[in-house]
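Colleague: This is the structure I have questions about; it appears just below.
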Amino acid sequence: MVLPGIQVEKIADIPSDLKGRLIDLAEALPGLGWIGLPNGEFLYHSKALVALTGMPTEEQVQRDENGDFNWKATVETEEYERLSSAWFTAVETERDLEVTHRIRAIDGSFRWLRSQARPQRDEAGKVIYWLGISIDIHDAMTAMEQSQANESRLEKLIDAVPSALWAAAANGEPTHINRALSEQTGIRIDELTSKDSSVLAQAIAKAIHPDDAANVDAALQYSFLTGTPFKLKYRQLRADGRYGWISGQANALRDADGDIVQWYGVCQDIDEEVLAQEALREREARVRLAVDALPGLVWMCSPLGEPTYYNRRLEEWSGIAPRDFLSSRKALLSTAIQLIIHPDDQAAVEKSMRASFASGEAWLMRFRQRRADGVWRWMEGRMEALRAKNGEITQWYGLELDIDQEVRGQESLRLAQEKLSRAAQYAAMAELSASIAHEVSQPLASLVASASAGQRWLEMSPPNIERARMSADSALRDATIASDVVKRVRALFQNRIYERHPDDLNKIIVAVCGILSEELSAAGVSVIYDLFPDLPVVVIDAVHIQQVLVNLFRNASEAMSETAAHSKTITVRTRSTSDGIAVEIEDAGPGISDVERIFNPFFTTKADGMGMGLSICRSVLYSHNGRLWAENTVGGAKVSFTLPVGEPDEPRLTESRS
Ligand code: ADP
């Protein structure tokens, strides 16, 4: 190719000494030297350049029939146009040439060269030749190409990743929004072009829910300022125009000196999880509502047995708020039990619950629990473990029902039965008494008749001695019959004497209180013991004395049915006296209307009373050679009895009210 206006000079016209110097110069250059002529022709291509392309210098500098240089064969066709045009432009303008291009090496591979040429002038400033040099920059170029390729591959990769990613410069200005994030938000970084605010501000304004924007901005600014990672949950615009929950995170990429070069962020779509959690929370709230509405007291315990939850009903029923438990530093279960369970039941409840927690077996128990109004109620508690698929216990569920009425119903049924059997006993006794009376009254009546007849015979004048003797005889016979009847009855009682054993009265009192404990606590009555420690032994029929005590305790408890709850106490006292042992049972009731009449059989002031209790007690004590009496005290009534110490005398058959 010959550019118009450039005069072609023959190489042969150059003086050979100048040509030789120029060739030396080209060879001396570091790199691939070459010499051009002011008219754009080439004089010389160095040996190094020839070695690279394999084309001799004479051939390279020649032109073909089209006017193209032969070195055209050492470059790509389209490269030749660019190179020759750059060269001729430089020649025409006489300005430095600088061009980067590829050249085909002898082995057919292409190498990158940077070719530079500067016009060399004479003193007059006329260009006399061009000194050119091509430098092999192949390695640097391929490294750059590689990194560019890597970069674009990385960019492609980032775009291909299904996660929503963004990158920002060290100052926090977003530089890249990947395809997933663009698709997620419908926002592209090249659209954030407003001059009035930063790219970040535009991105936040466009993509973040108005209620969350300030938070996101503040958290990001804080991270950009301090270099700490960014992490926040917020609502972000979705392509469908709705806002969805996002877990946003960003970390700083630092160079070897630790300076931040870039921020990389990820926006994870957690909308479904958040919505699922919300639904779960809602469901939980509904379940809780249902649990609170259940007509039972419900609680939960951890697998280790510590209370974790109880329903509102339990809270209202017991009047205990959760903070009453949680403030405790002790084991929560023990604290809860101490707060609400009856002192007499606490140990048993805790022991059996802990046994269930240890064994995993269901728990069922009846116990007394304090209601918010302070009243002890009988409860039935059940507890079962909830297990995971692998059988491990994940939770304990407990349910309590107030069964107080049922228990009390059973108790009154039991009492009614007891009364019935007592009544049957009394009836049998009444029958026995009637037959004794009948047997004795018969001979006694004829004895009285004989005695008065004898009296009459003797009062006659003269007295009829014979008749009187006969009357006396028949009186003697009747008296003997009566005495026999009495002896028989005595013998009946005398047999019982052999069932008497030495016993400790304090122990019997404590045992009786044990038997009655349920009944007494159901009535809200507590017992105060004032027992003389070294009480002498008494020889008694323990069963009968127990019956006496049961009767006296019951009377005392029943007398206090109207007494204020806090003062319902029975004090039981034992003392050692000159008579033997004295036992006092004192209550805080209204006192006794008539302290003597109450011992009469069938005297009662109770709607369902028999009025036989005290009279039987008195007979029992008399048969033990003891005494029973009652008196009123300042705050109630006191019923006392004594028992002699040591071997029993003959038991008395009849009461002597001494
Ligand atoms: P009951 O208990 O069936 O009435 P009791 O012979 O045991 O029969 O008692 C007779 C009556 O004595 C009772 O009805 C009651 O009026 C009176 N009484 C007994 N103990 C007391 C007491 N501790 N305080 C007041 N009254 C009492």
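Colleague: Yes or no: F603 more than 14 Å from the ligand (Cβ to nearest atom), of a type in the set (F, W, Y) and not in a helix (DSSP H, G or I)?
Modeller: Numbers: more than 14 Å from the ligand (Cβ to nearest atom): no; of a type in the set (F, W, Y): yes; not in a helix (DSSP H, G or I): yes.
Answer is no for this residue.
Colleague: Can you find a residue that is closer than 17 Å to V525 by Cβ, among the β-branched types (V, I, T) and free of Cβ contacts under 8 Å to residues at least 60 places away in the same chain anywhere in region 579-588? Show your work before the answer.
Modeller: Just the residues of region 579-588 that are closer than 17 Å to V525 by Cβ, to begin with: 584-588.
With among the β-branched types (V, I, T) added as a condition, the list becomes 585.
Next, only the ones that are free of Cβ contacts under 8 Å to residues at least 60 places away in the same chain stay: 585.
Yes, because at least one residue in region 579-588 is closer than 17 Å to V525 by Cβ, among the β-branched types (V, I, T) and free of Cβ contacts under 8 Å to residues at least 60 places away in the same chain.
Colleague: Please go through region 60-78 and give me each residue that is in a helix (DSSP H, G or I), at pLDDT 90 or above and surrounded by fewer than 20 Cβ atoms within 10 Å (Cβ to Cβ), ordered by number. Give the steps one after another, and end with the answer.
Modeller: Going through region 60-78, the residues in a helix (DSSP H, G or I) turn out to be 60, 70-74, 77-78.
Still in the list and also at pLDDT 90 or above: 70-74.
Correct list: N70, K72, A73.
Colleague: Within region 188-212, count every residue that is touching a residue at least 24 places away in the same chain (Cβ under 8 Å), crowded, with 18+ Cβ neighbours inside 10 Å and not in a helix (DSSP H, G or I).
Modeller: 1
Colleague: Sticking with this structure for a sec: Could you say which residue among D159, D139 is surrounded by fewer than 19 Cβ atoms within 10 Å (Cβ to Cβ), more than 48 Å from the chain's Cα centre (by Cα) and not aromatic (F, W, Y)?
Modeller: Numbers: D159 fails: more than 48 Å from the chain's Cα centre (by Cα).
Going through D159, D139 in turn, just one is surrounded by fewer than 19 Cβ atoms within 10 Å (Cβ to Cβ), more than 48 Å from the chain's Cα centre (by Cα) and not aromatic (F, W, Y): D139.
Colleague: Residues being acidic (D, E) and farther than 30 Å from T226 by Cβ: count how many of those fall in region 256-311.
Modeller: We begin by selecting, within region 256-311, every residue acidic (D, E); these are 257, 259, 269, 271-273, 278, 282, 284, 292, 306.
Among the residues that remain, those that are also farther than 30 Å from T226 by Cβ are: 272, 278, 282, 284, 292, 306.
Qualifying residue count for the region: 6.
Colleague: Give the residues of region 12-48 that are surrounded by 16 or more Cβ atoms within 10 Å (Cβ to Cβ) and farther than 20 Å from P119 by Cα, sorted by residue number.
Modeller: If the condition is that a residue be surrounded by 16 or more Cβ atoms within 10 Å (Cβ to Cβ) and farther than 20 Å from P119 by Cα, then A48 is the only one that fits.
Colleague: Let me ask something additional. Are any residues in region 178-199 under 49 Å from the mean Cα position of the chain (by Cα) and among the acidic types (D, E), and if so, which ones?
Modeller: Within region 178-199, E183 is the sole residue that qualifies.
Colleague: Considering (1) over 23 Å from G296 (Cβ atoms); (2) within 24 Å of the chain's Cα centre (by Cα); (3) among the charged types (D, E, K, R), say which one E400 fails and leave the rest.
Modeller: All conditions pass for E400, except number (1).
For every residue, the table says whether it meets (1) free of Cβ contacts under 8 Å to residues at least 24 places away in the same chain; (2) part of a strand (DSSP E or B); (3) crowded, with 17+ Cβ neighbours inside 10 Å.
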{"site": "A214", "(1), (2), (3)": "yes, no, no"}
{"site": "A218", "(1), (2), (3)": "yes, no, no"}
{"site": "Q221", "(1), (2), (3)": "no, no, no"}
{"site": "F224", "(1), (2), (3)": "no, no, yes"}
{"site": "T228", "(1), (2), (3)": "yes, no, no"}
{"site": "K233", "(1), (2), (3)": "no, yes, no"}
{"site": "Q236", "(1), (2), (3)": "no, yes, yes"}
{"site": "A239", "(1), (2), (3)": "no, no, no"}
{"site": "A250", "(1), (2), (3)": "no, yes, yes"}
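Colleague: Kindly establish whether G305 is at pLDDT 90 or above and surrounded by 12 or more Cβ atoms within 10 Å (Cβ to Cβ).
Modeller: Details: at pLDDT 90 or above: no; surrounded by 12 or more Cβ atoms within 10 Å (Cβ to Cβ): yes.
No, not satisfied.
Colleague: Checking the condition farther than 22 Å from C617 by Cα and out of contact with any Asp or Glu (no Cβ under 8 Å at 6 or more places or on another chain), which residue from P502, P533 passes? Let's see the steps before the verdict.
Modeller: Details: P502 fails: farther than 22 Å from C617 by Cα.
Sole residue among the options that is farther than 22 Å from C617 by Cα and out of contact with any Asp or Glu (no Cβ under 8 Å at 6 or more places or on another chain): P533.
Colleague: Counting only residues that are within 13 Å of the ligand (Cβ to nearest atom) and free of Cβ contacts under 8 Å to residues at least 40 places away in the same chain, which one in region 630-641 is surrounded by the most Cβ atoms within 10 Å (Cβ to Cβ)?
Modeller: For region 630-641, the residue satisfying everything is A630.
Colleague: Mind listing whichever residues of region 56-79 are more than 17 Å from R114 (Cβ to Cβ) and not charged (D, E, K, R)? Talk me through it step by step, then tell me what you get.
Modeller: Keep residues of region 56-79 that are more than 17 Å from R114 (Cβ to Cβ), which gives 56-70, 72-73, 77-78.
If the condition is that a residue be more than 17 Å from R114 (Cβ to Cβ) and not charged (D, E, K, R), then P56, T57, Q60, V61, Q62, N66, G67, F69, N70, A73, T77 are the ones that fit.
Colleague: Note down all Cβ pairs under 6 Å where the first residue falls in region 98-115 and is among the hydroxyl-bearing types (S, T, Y), the second is at pLDDT 90 or above, and they're at least six residues apart or on different chains.
Modeller: Close Cβ pairs satisfying both conditions: T100/R114; S115/V99; S115/S134.
Colleague: Give the residue that is nearest to I246 (Cα to Cα), with candidates limited to residues of region 155-179 that are among the charged types (D, E, K, R) and not in a loop (DSSP other than H, G, I, E, B).
Modeller: Going through region 155-179, the residues among the charged types (D, E, K, R) turn out to be 155-156, 159, 173, 179.
Filter once more, keeping what is not in a loop (DSSP other than H, G, I, E, B): 155-156, 159, 179.
Working: E155: 23, K156: 24, D159: 19, R179: 17 Å.
Out of the qualifying residues, it is R179.
Colleague: Within region 350-370, work out how many residues are touching a helix residue (DSSP H, G or I) at 6+ places or on another chain (Cβ under 6 Å) and not basic (K, R).
Modeller: Summing the residues that are touching a helix residue (DSSP H, G or I) at 6+ places or on another chain (Cβ under 6 Å) and not basic (K, R) in region 350-370 gives 5.
Colleague: Anything in region 81-137 that is under 17 Å from P30 (Cβ atoms), of a type outside the set (D, E, K, R) and assigned to a strand (DSSP E or B)? List them, or say none.
Modeller: L113, S115, Q116, A117, L131, G132, I133, S134, I135
Colleague: Inside region 263-289, can you point out the residues that are small (G, A, S) and touching a residue at least 60 places away in the same chain (Cβ under 8 Å)?
Modeller: If the condition is that a residue be small (G, A, S) and touching a residue at least 60 places away in the same chain (Cβ under 8 Å), then G265 is the only one that fits.
Colleague: Considering region 609-629 alone, what residues qualify as being within 8 Å of the ligand (Cβ to nearest atom) and farther than 21 Å from V539 by Cβ?
Modeller: G609, M610, G611, M612, G613, L614, S615
Colleague: Name the pairs: first residue in region 600-620 and over 17 Å from A556 (Cα atoms), second residue in a loop (DSSP other than H, G, I, E, B) and within 8 Å of the ligand (Cβ to nearest atom), Cβ to Cβ under 6 Å, at least 6 apart or on different chains?
Modeller: From region 600-620, the pairs are P601/M612; F602/G611.
Colleague: Can you pull out the strands (runs of 3 or more DSSP E) entirely within region 530-598 that have at least 2 residues that are modelled with pLDDT of 95 or more and within 16 Å of the ligand (Cβ to nearest atom)?
Modeller: 569-576, 581-586
The values are calculated or read from the model by the stated rules, or taken from the named source; none is laboratory data. In this text, all values refer to a predicted model and were calculated from it rather than measured experimentally. Every residue, glycine among them, receives a Cβ derived from its backbone with ideal geometry; neighbour counts consider all protein chains shown.
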